[in-house]
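Here's the structure, in structure tokens; my notes come after.
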Amino acid sequence: MYVGRDSIIDESCEIADDVWIGNWVHIRYGAKIGSKSELRDHVFLGPEVTIGKNSRIYQFCNIGMGTTIGDDCFIAVGTYTADDKALTWPEKDYENYREYGYEKRPPVIEDKVRVGMGVRILPGVILREGCRIGMGAVVTKSTEPWKTYAGVPAREMK
């Protein structure tokens with residue numbers, strides 16, 4: 001495993017021996033990263049993120065808590081995933097988080113998905129196997145397998 005300078009890996013992470021981790025990466029607790037995957041510079045993985053084998057996540061991505069990324073995926077520069085619909089997190093009342101609109105629904109990115117630069121993937125969305133998401137898209141609904149989506153909000157391209 002290669003780990004670049006100033007990267008932080010929290011406790012309880014499971015990372016395969018042949019993973020490449022760039023500079024200034026932060027991997028939060030409970031993350032799992034499969035064999036031959038790469039995280040480029042300035043990637044943030046939230047808690048309990050799972051990444052399959054042979055997947056690549058490029059610079060400046062923020063992968064939200066609990067997101068699942070399958071095998072053989074490509075996530076381009078500046079992609080964000082969100083795990084909840086709440087705009088703010090309560091400062092003190094963590095026990096009653098549902099009253100504030102927080103609902104943990106992390107996205108799922110299935111195998112062989114390609115995601116373009118600057119894409120935003122909203123909570124609960126499932127990107128089905130082999131789909132492609134165009135640059136700058138905002139994915140608000142789950143996709144069909146092996147289709148191409150683009151736009152804001154993302155729609156299937158004919």
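All of the numbers you see were taken from the coordinates with simple rules; none came from a lab. Everything quoted here is computed from the prediction, not taken from an experiment.
Just a few scattered comments:
- Sequence-distant contacts, meaning Cα pairs under 8 Å at least 6 residues apart, place the relative contact order of the chain at 13 percent.
- Gained length - TYR2 relative to LYS36, 0.36 nm times residue gap less alpha-carbon distance: 11.1 nm
- Long pairs among LYS36/LYS158; LYS104/LYS158; LYS32/LYS141; LYS32/LYS104, criterion Cα-Cα beyond 27 Å: LYS36/LYS158; LYS104/LYS158
- Derived from the Cα gyration tensor, the three semi-axes of the equivalent ellipsoid of the chain are 23, 22, 13 Å, largest first.
- Kirkwood hydrodynamic radius of the stretch 35-88, from inverse mean 1/r over distinct Cα pairs, in Å: 11.2 Å
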